[in-house]
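Every number here is computed from the coordinates shown, using simple stated rules; none is lab data. Quick caveat, the model's predicted, so the values are computed rather than measured. Ideal geometry is used to build each Cβ from the backbone, glycine not excepted, and the neighbour counts take in all protein chains shown.
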Amino acid sequence: MKNDIEYLDSSETEQIGLVFIMSGDGKGKTAAAIGMAIRASGWNIPLTFIQLMKKRTYGEIQILENLGDKFDFFQMGREKHVVMGDPSQEDIDMAKRAMKMARESMESRQFDMVILDEVLTAMQYELITEEDILDLIKARPPYLHLVLTGRGVTPALIDAADCVTIMEKVKHHFDKGVPAQKGIEF
């Protein structure tokens, strides 16, 4: 099968910033964003990675901290889980700070990529609104890549993005009562 995609060397083209969304009920959204961060770091692309609703030692956090000189990484959540439909003011405030941090990162012009992990889930849990995310997309400089992950993507966000991947859960070990495991879920 012939591949009709023509790849251009980035030295021959101006960087065109894109909006990426990884959503759905399947596993792999955060892992995909981390993969993008690692790939960008390999090319010394300056980026900031902001993780909403999480404050725990995950395996990926430990490796990302080892790459600390390559990019900025922030966790903006509490160890306690957010209750859907009844978020605490502290959770709302942390999500809003994460959005402000993302906007400031974009406005600083120090970064070529901003990753907001679980931002869609924060919207689903009513910590932020769809309009907050759409406003961030609209404020994005034309050269900057914006990566958004989490469950609950909306049609308006799909329309605003350049690349959308929906991770579909076909089968999950949680459904059989297998608990979260170190190195797999955290």
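Structural descriptor for the range 31-169: relative contact order 26 percent, calculated from alpha carbon pairs under 8 angstrom and at least 6 residues apart. Each peptide in 14-23, 134-143 gets a packing score, the mean of other Cβ atoms within 10 Å over its residues, and the list from highest to lowest is 14-23, 134-143.
For a 21 Å ceiling on Cα separation, which of these pairs sit above it: K54/K100; K29/K54; K138/K169; K29/K171; K27/K171; K27/K96? Over 21 Å apart, Cα to Cα: K138/K169; K27/K96. In terms of the mean number of neighbouring beta-carbon atoms within 10 Å, the peptides 107-118, 38-49 order highest first as 107-118, 38-49. Peptide packing for 120-132, 88-100 was compared via the average number of neighbouring C-beta atoms within 10 Å per residue; ordered from the highest value, the list is 120-132, 88-100. Please state, as a whole number in µm²/s, the translational diffusion coefficient that the Stokes-Einstein equation yields for the range 15-169 at 4 °C and 1.567 mPa s, with Rh defined as the Kirkwood radius across alpha carbon pairs. Estimated via Stokes-Einstein, D reaches 84 µm²/s. Taking Lys and Arg as +1 and Asp and Glu as -1, the other residues whose beta-carbon sits under 10 Å from that of A33 total -2. Take the Cα of K176, step 7 Å toward its Cβ, do the same at D159, and the gap between the two points is 4.3 nm.
Farthest toward the positive end of the dipole of the range 15-169, out of A31, H145, M113, is the Cα of A31, where the dipole comes from beta carbon charges about the Cα centre. Averaging 1/r over every pair of different alpha carbons in the range 98-186 and inverting the result gives a Kirkwood radius of 14.7 Å.
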